[in-house]
Protein chains: 2
Amino acid sequence: MVKLSDVARLAGVGVGTASRAISGNGAVSPESRRRVLAAAEELGYRPNAAARALRERRTRAVGLLLPDIVNEFYTASAAVIQSDLDDAGYQLVVGVTGNDPRAERHAVRTMLDRQVDGLIHVPVDPHVELPADLPAVQLNRHSDPLRVSAVVSDDVAGVGELTSAVIGAGHTDLVAVIGAPEFSTSRDRLAGYRRAVAAAGIPEAGAAPAERPAAGRRSRVLTGPFTSQWGYDALTGIAGDRPQALIALSSRLMMGVLRACGDLGLRIPEDISVAGLGDPEWFSVWRPGITTFAPALADMGHHAATEVLRAIEEGPAAGAPRLERLPGRVRVRGSVQGLGAAPAPV
Amino acid sequence: MVKLSDVARLAGVGVGTASRAISGNGAVSPESRRRVLAAAEELGYRPNAAARALRERRTRAVGLLLPDIVNEFYTASAAVIQSDLDDAGYQLVVGVTGNDPRAERHAVRTMLDRQVDGLIHVPVDPHVELPADLPAVQLNRHSDPLRVSAVVSDDVAGVGELTSAVIGAGHTDLVAVIGAPEFSTSRDRLAGYRRAVAAAGIPEAGAAPAERPAAGRRSRVLTGPFTSQWGYDALTGIAGDRPQALIALSSRLMMGVLRACGDLGLRIPEDISVAGLGDPEWFSVWRPGITTFAPALADMGHHAATEVLRAIEEGPAAGAPRLERLPGRVRVRGSVQGLGAAPAPV
DNA sequence: CTGTTAGCGCCTTCAT
DNA sequence: ATGAAGGCGCTAACAG
């Protein structure tokens with residue numbers, strides 16, 4: 001391991017001068033600088049990150065805590081974050097929470113032990129303890145009330161728009177399948193859905209057939225975990241009394257819904273219209289294409305990265321934590337009867 | 001920041017004793033240990049990773065270099081790696097190469113600057129410089145000749161088995177769509193395909209129609225980048241002279257192929273049989289289900305993690321670098337005419 | 001068994 | 001503009 005003192009010796013200067021020449025902090029004569037740089041080059045000198053971290057009390061590393069590293073819903077943001085951090089000279093340390101509060105606490109602690117300079121995380125337990133002085137931003141979900149700044153998708157507006165489009169296509173008997181209400185995403189998506197449904201004057205019915213209101217005008221909400229399995233169970237559970245249109249509020253749920261359609265022999269959109277949330281590439285390849293609300297995952301990642309970097313380098317933002325809701329886009333394809341363009345555009 | 005000397009003072013012992021009590025290295029009287037632990041607990045002491053790294057000359061961090069953090073083909077392994085490392089008390093630092101040799105060099109360098117204790121990477125440039133003393137293992141792809149140990153999927157056997165199944169179903173006019181031959185994965189997959197085709201006595205034809213051999217018995221290979229777009233272009237390019245069966249040797253390629261089938265109005269498997277590689281969940285939800293060779297991505301991740309950890313803690317393995325080829329599984333579904341069980345099993 | 005001490009490699013005053 | 005020196009928090013070696 002070649003260290004700074006080696007460089008200094010070869011350049012014939014003191015370590016202080018070598019340090020200043022390489023970091024650019026402090027004045028160094030052009031001649032000294034040239035020789036130090038040449039020496040560093042020749043020796044293949046690379047500063048020791050641990051020593052620098054110890055001395056400067058910052059690691060130039062940012063932690064990213066995700067529920068699941070395989071789900072493209074999170075990694076689509078993570079890719080942008082990685083790239084932004086890299087551009088700024090920061091490294092990305094990844095932790096996985098699996099949506100489990102215990103695992104989340106563990107992951108947070110190891111991040112702190114690593115002395116990351118900042119943290120971007122998709123929160124699981126709204127009450128996780130974070131040091132007040134750690135620059136942090138929540139991604140995708142947010143605790144309520146807000147404790148740190150958060151960057152989320154404007155699902156209320158997006159799902160509202162999506163639902164309105166479905167209703168506008170002539171559907172009045174709807175089912176929404178949604179994940180656990182602990183997550184702000186579930187609440188926001190549901191709020192958007194309900195707002196649109198209410199605006200159309202469609203009453204919400206209980207799951208029991210007995211409560212069925214005026215034929216053909218009703219809305220049902222089915223709540224469970226954010227899994228493919230729950231999407232499957234939700235649809236099969238109401239197969240005997242199926243709606244005109246079903247809105248699955250995550251791509252995982254949609255996966256299960258489509259599988260159920262296959263098993264039940266339901267044709268889309270002839271027998272049932274479906275719409276989703278998120279936009280993995282296969283949504284557009286599917287025939288017919290899946291109509292969906294696509295959150296701006298890349299934008300979200302970018303804003304989150306920008307905000308942590310700002311907080312790290314300029315200190316905490318003035319005032320209360322901010323909640324940024326980024327608009328996404330509704331993509332109309334063929335899976336909703338009466339809505340799609342003919343050969344399902346990409 | 002509470003430091004070790006604070007704990008020691010509160011416990012009424014020297015820092016050495018405190019250090020030993022907490023790390024467990026070296027003998028400490030039960031009484032001292034108790035008091036140190038209690039003091040640490042009370043103060044909420046957490047060791048400083050940078051200081052420890054500086055002193056111990058190891059960071060307990062392992063780098064993972066992936067071409068693309070969104071592609072589940074890589075993250076499926078990454079998830080297991082993350083979990084295994086975490087269990088062993090190591091942290092995961094992620095770098096992204098985008099299959100670009102320049103980006104790869106950059107990523108390798110920042111990993112080294114971070115002084116990661118080991119490196120797991122999907123190699124891009126077979127000639128990347130790695131310090132000889134850095135425990136490293138290649139994942140999924142391997143340089144040839146082998147410079148460090150590698151854990152890959154046995155694509156030769158897997159694609160061979162897949163191809164034989166397709167042929168066994170009665171297809172004799174085949175096309176394989178494959179990615180860039182720089183990657184060992186491309187070469188292995190192609191080798192498996194060609195072996196099966198040759199075993200069946202099917203001749204390989206050039207892409208030009210003129211070279212078309214005895215009607216209905218031929219194999220064509222189309223080479224391009226590992227992208228959805230290339231899958232699309234490959235199929236549309238031969239739409240006028242289409243084969244009975246097409247094998248797309250990555251899930252990205254399959255995505256493009258399916259899109260092309262949609263645009264061309266080709267029904268699967270009535271008009272064309274298709275088979276793929278990899279097994280994202282939507283392969284099994286698709287109707288008909290996609291027949292595919294599924295590499296054991298989780299196993300690969302596990303073996304890779306185990307090998308780096310071993311190399312880190314026990315030093316380099318004796319002898320030459322090892323190449324581990326892990327078997328995957330062919331999954332038969334309905335996308336190959338004459339092969340699938342009736343209602344496409346999961 | 002325990003306290004003291006010497007660095008790990010770097011940056012940053014402080015004199016010069 | 002520069003060299004010398006102190007110290008970031010920790011562990012390992014040493015002397016008791």
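Annotations for the structure displayed:
- Within region B:247-346, trypsin sites (Lys or Arg not before Pro) in DSSP loop having at most 13 other beta-carbon neighbours inside 10 Å: B:R267, B:R322
- Between the amide H of B:A136 and those of B:L119, distances stay under 5 Å, these residues lying 5 or more places away or on another chain, with hydrogens modeled in the peptide plane.
- The label point for B:A51 and the one for B:D113, both projected 7 Å from the Cα toward the Cβ, are 2.5 nm apart.
- Chain B packed on chain A takes about 4200 Å² of accessible surface away from a 1.4 Å probe, both sides summed.
- Size of the protein assembly as shown from its Cα atoms: along the principal axes, largest to smallest, the extents are 76, 67, 56 Å.
- Between 0 and 90 degrees, the angle of helix B:251-264 with respect to the longest Cα principal axis of chain B falls at about 30 degrees.
- Sorted shortest first, the separations between the A:D241 label point and its copies elsewhere in the assembly read 6.0 nm; each point sits 7 Å from Cα along the Cα-to-Cβ line.
- Per-residue HN-Hα couplings for region A:4-15 [Karplus 6.51, -1.76, 1.60; θ = phi - 60°; Hz; x = Gly/Pro]: 4, 5, 5, 4, 4, 4, 4, 7, x, 10, x, 5
- Alpha-carbon centroids, region A:48-122 and region A:227-277: separation in whole Å: 36 Å
- Helix A:184-199 and the longest principal axis of the Cα set of chain A meet at an angle near 40°.
- Residues B:M111, A:M1 ordered from highest to lowest accessible area at a 1.4 Å probe: A:M1, B:M111.
- Among A:A180, B:S23, A:L253 - extreme Cα towards positive end, dipole of the protein assembly as shown, charges at beta-carbon: B:S23
- Using the Cβ-Cβ distance between A:D271 and B:A191 with R0 set to 51 Å, the FRET efficiency from 1/(1 + (r/R0)^6) comes to roughly 0.65.
- Cα centre as origin, Lys/Arg/Asp/Glu Cβ charges: region B:82-130 dipole, Debye: 240 debye
- Ligands, DNA and RNA are left out, and with a 1.4 angstrom probe the accessible area of the protein assembly as shown is 42 Å² per residue.
- Inter-copy label distances at A:A320 (7 Å, Cα→Cβ; nm, one decimal): 6.8
- Percent accessible area from carbon and sulfur atoms, chain B, protein chains only, probe 1.4 Å: 52 percent
- Teacher prompt: A:G26 distances to equivalent labels in other copies, 7 Å Cα→Cβ, nm: 3.3
- On Cα atoms only, tilt of A:297-314 relative to the major axis of chain A in degrees: 40 degrees
- Considering only chain A, percent of DSSP beta bridges that pair antiparallel, nearest 5: 10 percent
- Amide H partners (placed H, <5 Å) of B:Q91, local residues excluded: B:A61, B:V62
- The dipole here belongs to region A:268-346: it is taken about the Cα centre, uses +1 on the Cβ of Lys and Arg and -1 on the Cβ of Asp and Glu, and is about 180 debye.
- Shielding by partners - mean other protein chain Cβ count within 10 Å, residues of A:22-31: 0
- GNM remark for chain B: springs join alpha carbons under 10 Å apart, and the peak mean-square fluctuation among B:V285, B:V166, B:V148 falls on B:V285.
The values are calculated or read from the model by the stated rules, or taken from the named source; none is laboratory data. Note that the structure is a prediction, hence the values are computed from the model and not measured. Heads up, the Cβs are rebuilt from the backbone with ideal geometry, glycines too, and the neighbour counts pull from every protein chain shown. Just the protein is used for accessible areas: all its heavy atoms, side chains included, with ligands, DNA and RNA removed. Shrake-Rupley method; radii C 1.70, N 1.55, O 1.52, S 1.80 Å.
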